[in-house]
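The values are calculated or read from the model by the stated rules, or taken from the named source; none is laboratory data. Note that the structure is a prediction, hence the values are computed from the model and not measured. Because the Cβ atoms are built from the backbone with ideal geometry, glycine has one as well, and the counts that use them run over all protein chains shown.
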Amino acid sequence: MDVRARYLARIGSHNELEAMGNRIAELPENPLILGGGSNILFTKNVDGWVFKNEISGMEIIGEDNDHVYVKTGAGENWHRFVLFCIENNLAGAENLSLIPGNTGASPMQNIGAYGVELKDIFYELEAWHIKDKAWVKFSNADCHFGYRESVFKKKYKGQFIISSVTFKLDKKPVFHISYGAIEQELEKMGVRELNIRSIADAVIRIRSSKLPDPALIGNAGSFFKNPEITDLQFDELKKKYPGIVGYTLPDNKVKLAAGWMIEQAGWKGFREGNAGCHEKQALVLVNYGHATGTDIFNLSEKILKDVSEKFGVLMEREVNIY
Ligand code: EPU
């Protein structure tokens, strides 16, 4: 998206953020904090301040019998962190390979893929409270992680700037390959002995084959969340649509594959001007050229409405809209 910010500041370090604290607190409106920018759709210019989080650094800060703790600056690239773990033989992050964006944004929406979520390896984070001008530490429990959710998207939205995230990795790997596609990919690759690198390679291959690279074609990953419904609702839908895809959750809930519904509704590969629904993964909306944020947003509205009319299920957007 071609959008402009009236003012832009780059935050280069923890100390720099603290030094800017008084001035940030005095701004008429809370600034927009940008990480890698990979999960936001801009529908307009930013009239005020954008703070781009560029706090770097990645180091092992401790260990116990079973775990190693890695602290990263919030502006570190996520996949670089995953590779750091693999190179140091630290397990837990491999299923989360190749997710775009920065480590500091990962707790915001509890990023997840192929059976693993950030909360499984998250230890703690440090964040600056804009109005109180104070540092606050958040443990795993403090973040109230849910499916693509955390306190930072809800109760504390816009209030904190995350400066570092510390992860807790396993010395002894626990492999998560139950997600069908991983097992198939490992087989295709001829992998006989499982290790974290082969799992990362499998995930990278699957992602590259289905998800468009944001560096080449504008997209923000899954545009919608997979909606949760009750098992009774699911049984009803299943009668009507025997092929419907759902995953059983605790508490009599089922998570529906939104991509399946969008595809069945005929949107997969749809293109309207430069805005489109990706041809290989219907959950992803793409910008083929100079689509505006509003073009993409309007397409998402149409898809939401259509899926709700056809399946009686209300989906939610996963990306942040500005
Ligand atoms: N499906 C279709 N048609 C499609 C897309 C999916 O029928 O066009 C069906 C598939 O056949 C499969 C099911 O839906 O049975 C699930 O598809 P997939 O494994 O591709 O995953 P997803 O549910 O569409 C979620 C995450 C992704 C993550 C993958 C893998 C959300 C919103 N998205 O997608 O995360 O990579 O699982 O774990 O939960 C992201 O958040 O940006 C993201 C890419």
*Of the conditions (1) at positive phi; (2) loosely packed, with under 14 Cβ neighbours inside 10 Å, residue 221 clears all except one; give me its number.*
(2)
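The rows are residues; the columns are (1) assigned to a loop (DSSP other than H, G, I, E, B); (2) more than 14 Å from the ligand (Cβ to nearest atom); (3) free of Cβ contacts under 8 Å to residues at least 24 places away in the same chain; (4) in contact with an Asp or Glu (Cβ under 7 Å, 6 or more places away or on another chain).
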position	(1), (2), (3), (4)
243	yes, no, yes, no
247	no, no, yes, no
279	yes, no, yes, no
286	no, no, no, no
303	no, no, no, no
*asked:* Can you pull out every residue in the stretch 249-277 that is within 11 Å of the ligand (Cβ to nearest atom) and either touching a residue at least 60 places away in the same chain (Cβ under 8 Å) or in a strand (DSSP E or B) (or both)?
replied: 255, 256, 277
*For the stretch 109-124, name all the residues that are in a loop (DSSP other than H, G, I, E, B) and either under 9 Å from the mean Cα position of the chain (by Cα) or under 11 Å from residue 143 (Cβ atoms) (or both).*
109, 110, 111
*asked:* If the requirement is being over 21 Å from residue 213 (Cα atoms) and buried (at least 21 other Cβ atoms within 10 Å of the Cβ), which of these qualifies: 92, 101?
replied: 92
*Criterion (in contact (Cβ under 8 Å) with a residue 60 or more places away in the chain and more than 29 Å from residue 286 (Cα to Cα)) met by exactly one of 46, 70*: 70
*Restricting attention to the stretch 164-178, does a residue exist that is over 25 Å from residue 64 (Cβ atoms) and modelled with pLDDT under 95?*
yes
*Looking at (1) touching a residue at least 24 places away in the same chain (Cβ under 8 Å); (2) within 15 Å of the ligand (Cβ to nearest atom); (3) outside any loop (DSSP other than H, G, I, E, B); (4) not acidic (Asp, Glu), which is the only condition residue 294 fails?*
(2)
*Would the stretch 156-163 turn up any residue that is closer than 18 Å to residue 121 by Cβ, touching a Gly at 6+ places or on another chain (Cβ under 8 Å), surrounded by 15 or more Cβ atoms within 10 Å (Cβ to Cβ) and in contact (Cβ under 8 Å) with a residue 12 or more places away in the chain?*
yes
*Given (1) within 12 Å of the ligand (Cβ to nearest atom); (2) surrounded by fewer than 19 Cβ atoms within 10 Å (Cβ to Cβ), where does residue 211 come up short, assuming only one miss?*
(2)
*What is the residue count in the stretch 266-291 for residues that are touching a Phe, Trp or Tyr at 6+ places or on another chain (Cβ under 9 Å), surrounded by fewer than 19 Cβ atoms within 10 Å (Cβ to Cβ) and not charged (D, E, K, R)?*
2
*Just checking, which of 152, 138 is buried (at least 17 other Cβ atoms within 10 Å of the Cβ) and either assigned to a loop (DSSP other than H, G, I, E, B) or not assigned by TED's automatic domain parsing to the domain that holds residue 14 (or both)?*
152
*asked:* Can you find, within the stretch 219-241, the residue that is nearest to the ligand (Cβ to nearest atom) among those that are assigned to a strand (DSSP E or B) and over 30 Å from residue 2 (Cα atoms)?
replied: 228
_Quick check on the stretch 188-196. Is at least one of its residues part of a helix (DSSP H, G or I) and within 22 Å of residue 88 (Cβ to Cβ)?_
yes
*asked:* Against the condition at pLDDT 95 or above and within 20 Å of residue 43 (Cβ to Cβ), how does residue 309 come out, does it pass?
replied: no
_Among the residues that make up the stretch 121-143, is at least one of them under 21 Å from residue 213 (Cα atoms), touching a Gly at 6+ places or on another chain (Cβ under 8 Å) and within 16 Å of the ligand (Cβ to nearest atom)?_
no
*Starting from residues that are within 22 Å of the chain's Cα centre (by Cα) and buried (at least 19 other Cβ atoms within 10 Å of the Cβ), keep the ones in the stretch 55-76 and report whichever is nearest to residue 2 (Cα to Cα).*
75
*Can you tell which of 216, 194, 169 is touching a Phe, Trp or Tyr at 6+ places or on another chain (Cβ under 6 Å) and on the phi < 0 side of the Ramachandran plot?*
194
